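A.B. asks: Below: one structure in structure tokens.
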Amino acid sequence: MKLASLKGGRDGRLVVVSDDLAWCTDASLVAPTLQAALDDWRACAPKLKALTEALAHESVPRERFHERACAAPLPRAYQWADGSAYVNHVELVRKARGAEMPASFWEDPLMYQGGSDTFLAPRDAIPLRDPGFGLDCEAEIAVITDDVPMGVSAADASKHIKLVMLVNDVSLRNLIPGELAKGFGFFQSKPSTAFSPVAVTPDVLGEAWDGAKLHLPLVTRINGAEFGKPNAGNEMTFDFGQLIAHAAKTRALGAGTIVGSGTVSNRDPDGSPGRPVADGGLGYSCIAEIRTVETIREGAPKTPFLKAGDRVEIEMLDARGHSVFGRIDQQVVEA
């Protein structure tokens, strides 16, 4: 099933969405919000599934589904923990900062705890207060869990994945080095994150979902031009089961926890960092990667970070060419 939160109040109004993203029906008789459904998922999930089937048979009141009317599936969350599962991305962005990558990064995932009190809706503008901050997009996959016990194994952790969605993890690249140099992690360099219009249960993804990874290309466009289309299932060093287990090593995770994959990144078949789409490659899911590749190959970066007026689109299509989660479509504006 596909679920969305229409704008209204702090936590939105839960609706069930048709598979083709054309129609929706109110789900308030099951749960008023997505968080309420996740709090009692065992009881709510069968009822939401029945509502999905009723919507497909046009046996319940329905309304046109408009992605522009959506908040993030969880407009705010108890926890947003973003990993960095694609080590190719980690290696490239560290090169851009002149930092070596420890060998342990191949064995133990990176993760930071982001702000979750305010998320951007999929069509909300991205506010930029200072162009010198180095605004970047980061196209990712994320999962939402139910209650996860402390010390869960990676194999069991994947069973707690209830929903999957897309992410634009907005980053301010020029603020990151100074923050990390303090040895205390991201804060100012990670403003509000945006999520796709809908979140979907893993069964909707069919064979593209292997239980812990999503094997479909993630498409990013900047100002209408295709910027990246790496496959989210390839070169994911740590799958979602491992990421969730990492987050739950010393604490339980509450229902509604969001865990991100980190920026999706693929190397070229020959092992090189990757080529732009225009050069026949799979491109990139963030600007920092192409700037690093430009520095490696040409001595200096030439692709600018985002500025006011720029537009970022992030979407994933299934094997039939249909949008799975709807489209993140954001324009940068002066704050």
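A.B. asks: Enter the Cα centre distance for the pair the stretch 113-141 and the stretch 199-223, rounded to the nearest angstrom.
C.D. replies: 22
A.B. asks: Same structure, new question: GNM, the chain, Cα, under 10 Å: largest mean-square fluctuation among His57, His66, His89?
C.D. replies: His57
A.B. asks: Which trypsin sites (Lys or Arg not before Pro) in the stretch 122-212 sit in a loop by DSSP (not H, G, I, E or B) and have at most 12 other Cβ atoms within 10 Å of their own Cβ? Write down the numbers at each step before the final one.
C.D. replies: Values: sites: Arg123, Arg129, Lys159, Lys162, Arg173, Lys182; in loops: Arg123, Arg129, Lys182.
Sparse-neighbourhood loop trypsin sites (Lys or Arg not before Pro): Arg129, Lys182.
A.B. asks: Can I ask one more? How much length, in nm to one decimal, is gained on full extension between Tyr112 and Val333, taken as 0.36 nm per residue of separation minus their Cα-Cα distance?
C.D. replies: On the way: separation 221, 0.36 × 221 = 79.56 nm, distance 2.65 nm.
Here the answer is 76.9 nm.
A.B. asks: Let a ≥ b ≥ c be the square roots of the eigenvalues of the Cα gyration tensor of the stretch 270-329; is it rounded (a/c under 1.5), or, if not, prolate (a/b larger than b/c) or oblate?
C.D. replies: On the way: a/c = 3.41, a/b = 1.46, b/c = 2.34.
Oblate, since a/c reaches 1.5 and b/c is not below a/b.
A.B. asks: Send over a whole-number figure in Å² for the accessible area per residue of the chain, probe 1.4 Å.
C.D. replies: On the way: 14540 Å² over 335 residues.
With the other protein chains kept in place, the chain gives 43 Å² per residue.
A.B. asks: Which value in Å is the Kirkwood Rh of the chain over different Cα pairs? The partial results should precede the final answer.
C.D. replies: Details: mean 1/r = 0.0499 Å⁻¹.
Every distinct Cα pair counted, the radius reaches 20.0 Å.
A.B. asks: Right, something else. Suppose only helical runs count, i.e. DSSP H with n ≥ 4. What mean residue ellipticity at 222 nm does that imply for the chain under -39500 (n - 2.57) per run, divided by all residues and rounded to the nearest 500 deg cm²/dmol? Numbers along the way, then the final one.
C.D. replies: Numbers: 7 runs with 62 residues, N = 335.
The per-residue figure over the chain is -5000 deg cm²/dmol.
A.B. asks: Springs between alpha-carbon pairs under 10 angstrom, Gaussian network model over the chain: which of Lys302, Lys213, Lys190 fluctuates most?
C.D. replies: Looking only at Lys302, Lys213, Lys190, the largest GNM fluctuation is found for Lys302.
A.B. asks: Of all the stretches in the chain, which is the longest one without any exposed loop site, taking GluC sites (Glu not before Pro) in a DSSP loop (any state but H, G, I, E, B) with at most 12 other Cβ atoms within 10 Å?
C.D. replies: On the way: sites that count: Glu58, Glu100, Glu107.
Maximal segment without exposed cleavage sites: 108-335.
A.B. asks: Pairs of Cα atoms under 8 Å, at least six residues apart: use those to get the relative contact order of the stretch 15-101, whole percent.
C.D. replies: 27
A.B. asks: With the contact rule set at Cα under 8 Å and sequence spacing of 6 or more, what percent relative contact order holds for the chain? Could the numbers behind the result be given before it?
C.D. replies: Values: 837 pairs, mean separation 74.4, N = 335.
Relative contact order here is 22 percent.
A.B. asks: Each residue of the stretch 216-225 in order: what ³J(HN,Hα) in whole Hz does its phi give by Karplus 6.51 cos²θ - 1.76 cosθ + 1.60, θ = phi - 60°, with x for Gly and Pro?
C.D. replies: Result, rounded to whole Hz: 8, x, 9, 9, 10, 10, 10, 6, x, 9.
A.B. asks: For Ile328, list long-range residues whose amide hydrogen, built 1.01 Å from N in the peptide plane, is under 5 Å from its own amide hydrogen.
C.D. replies: Ile314
A.B. asks: For a Förster distance of 56 Å, can you work out the FRET efficiency between the beta-carbons of Thr295 and Asp39, rounded to the nearest 0.05?
C.D. replies: Once rounded, the FRET efficiency stands at 0.75.
A.B. asks: Hey, which lysines would be in cross-link range of Lys2, C-alpha to C-alpha under 24 Å, not counting anything within fewer than 8 residues on its own chain?
C.D. replies: Of all the lysines, those that pass the test against Lys2 - Cα under 24 Å, at least 8 places apart if same chain - are Lys47, Lys49, Lys159, Lys162, Lys213, Lys229.
A.B. asks: Roll a 1.4 angstrom probe over the protein heavy atoms and tell me the percent of accessible area of the chain that is carbon or sulfur.
C.D. replies: Details: 7460 of 14540 Å².
Of all accessible area on the chain, carbon and sulfur atoms account for 51 percent.
A.B. asks: Collect residues whose amide H, placed 1.01 Å from N in the peptide plane, falls under 5 Å from the amide H of Gln79; neighbours closer than 5 in sequence don't count.
C.D. replies: HN-HN under 5 Å from Gln79: Ile258.
The values are calculated or read from the model by the stated rules, or taken from the named source; none is laboratory data. Because the structure is a prediction, the values reported are computed rather than measured. As a convention, Cβ positions derive from the backbone with ideal geometry for all residues, glycine included, and neighbour counts pool all protein chains shown. Surface accessibility is based on the protein's heavy atoms, side chains included, excluding ligands, DNA and RNA. Shrake-Rupley method; radii C 1.70, N 1.55, O 1.52, S 1.80 Å.
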